[in-house]
1. Only one of D68, D38, D100 is among the acidic types (D, E) and surrounded by 13 or more Cβ atoms within 10 Å (Cβ to Cβ). Can you tell me which?
2. Could you list all residues from the stretch 64-84 that are of a type outside the set (A, V, I, L, M, F, W, C) and out of contact with any helix residue (DSSP H, G or I) (no Cβ under 8 Å at 6 or more places or on another chain)?
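We did not get these values from a lab; they are worked out from the coordinates using the rules stated. Since we're looking at a predicted model, the values are computed, not measured. Here the Cβ positions follow ideal geometry from the backbone for every residue, glycine too, while neighbour counts run over all protein chains shown.
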Amino acid sequence: MAINRDLNSFLANYSGKIGGMLVLKKYASGSVLSKIPDMSRRKLSPKQLEANELMGDANHYAKFIIADPKRKAAAAKKLGVHMNRVYHRLVADFISKGGDRSKLLTFDGKPPKKK
């Protein structure tokens, strides 16, 4: 791991992956160049798996609605948000209702199917 504290260095202005093998991270103390962590042995708890599934369903729901401009406009009106905020508000609404499809916004009389 290499640490760079020189604010004038070319590394001070960058962060992200380099060639799929290294990652450049920015911290208050400086920039750090390190190996990408191996996440292959990571084990998620049942609660984390449930949260990941809920988030995936929320994304699917929001993408389904914003795919059609008419549904997106109707959702913006029902949610009281601007058109560029519809996706995030739909995801938040889905998660706050625990994914219960009977409580979600409906368009054409039915919520989208579960993937």
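1. On the way: D38 fails: surrounded by 13 or more Cβ atoms within 10 Å (Cβ to Cβ); D100 fails: surrounded by 13 or more Cβ atoms within 10 Å (Cβ to Cβ).
Of D68, D38, D100, the one residue that is among the acidic types (D, E) and surrounded by 13 or more Cβ atoms within 10 Å (Cβ to Cβ) is D68.
2. To start, the set of residues in the stretch 64-84 that are of a type outside the set (A, V, I, L, M, F, W, C) comprises 68-72, 77-78, 80, 82, 84.
Result: D68, P69, K70, K77, K78, G80, N84.
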